[in-house]
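Structure first, commentary second.
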């Protein structure tokens with residue numbers, strides 16, 4: 001494969017496709033933390049972008065080294081995503097139901113929750129390593145960088161939209177954010193299993 005328009009176009013499309021779960025989770029995070037500053041927004045989007053870049057590279061590496069082990073793990077991906085997003089979403093939903101009034105604002109998105117979200121939304125990107133298996137290492141790295149850039153921009157948009165509507169929705173933002181995360185976990189599980 002060579003560097004051409006098709007390579008860049010396909011990489012951008014991969015980035016858009018992979019970033020949709022991260023966009024939805026970013027939207028939920030923006031709903032939850034309406035006072036998030038720009039620096040933290042960039043950090044949150046950066047975490048999602050890093051995971052979305054790392055996972056295809058890990059998948060690519062697995063294809064080139066330990067393919068048989070990765071194929072056995074691939075069946076667990078929907079279950080892992082469901083468990084991680086279900087846990088985080090359930091926790092957000094519970095906190096949102098518990099603090100319905102304006103005085104009891106749900107807290108900010110912590111580092112642990114963000115890392116779990118990053119893993120949960122990007123774990124399905126491991127299989128992208130199969131689709132880029134014909135790339136040499138520099139092209140795989142470039143593809144992952146493009147995926148990361150696209151994810152970063154899309155997640156910033158999700159955070160901005162979530163912040164905007166989170167202010168409008170006030171006390172129901174945590175409930176909506178948690179429900180979104182649970183829905184994403186179910187969607188990943190259903191499409192991965194069936």
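A few remarks follow.
- Annotation for residue 161 and residue 83: the two label points, set 7 Å from Cα along the Cα-Cβ direction, are 3.1 nm apart.
- The length gained on full extension between residue 35 and residue 13, counted as 0.36 nm times the residue separation minus their Cα-Cα distance, comes to 4.8 nm.
- Contact order relative to length of the chain, as percent, for alpha carbon pairs under 8 angstrom and 6 or more apart: 50 percent
- With respect to the chain, whose longest principal axis is taken over its alpha-carbon atoms, helix 111-122 is tilted by about 50°.
- With Cα atoms, 0 to 90° folded angle of helix 77-98 axis to the chain main axis: 10 degrees
- The calculated FRET efficiency for the pair residue 142 and residue 66, based on their C-beta separation and a Förster distance of 35 Å, comes to about 0.90.
- Taking 0.36 nm per residue of separation and subtracting the Cα-Cα distance, full extension of the segment from residue 43 to residue 97 would add 16.7 nm.
- Inter-label distance, nm, simple model (7 Å from Cα along the C-beta direction), residue 134/residue 190: 3.4 nm
- Region 18-94 and region 136-151 have Cα centres spaced 17 Å apart.
- Packing, as the average of other Cβ atoms within 10 Å across residues, places the peptides 48-56, 2-10, 23-31 in the order 23-31, 48-56, 2-10, highest first.
- Where labels lie 7 Å past Cα in the beta-carbon direction, separation of residue 75 and residue 2 in nm: 4.2 nm
- Principal semi-axes of the equivalent ellipsoid, √(5λ) from the alpha carbon gyration tensor of region 1-85, are 28, 20, 11 Å from largest down.
- Between helix 173-193 and the chain: long-axis angle, C-alpha atoms, 0 to 90°, nearest 10: 30 degrees
- Expressed as a fraction of 2.2 N^0.38 Å, the value expected for a compact globular protein of N residues, the C-alpha radius of gyration of the chain is 1.06.
- Fewest-first ranking of 42, 143, 155, 62, using other Cβ atoms within 10 Å as the exposure measure: 42, 62, 143, 155
Each reported figure results from applying straightforward, stated rules to the coordinates on display, with no laboratory input. Nothing here was measured: the structure is a model prediction, and the numbers come from that model. So basically every Cβ, Gly included, is an ideal-geometry build from the backbone, and we count neighbours across all protein chains shown.
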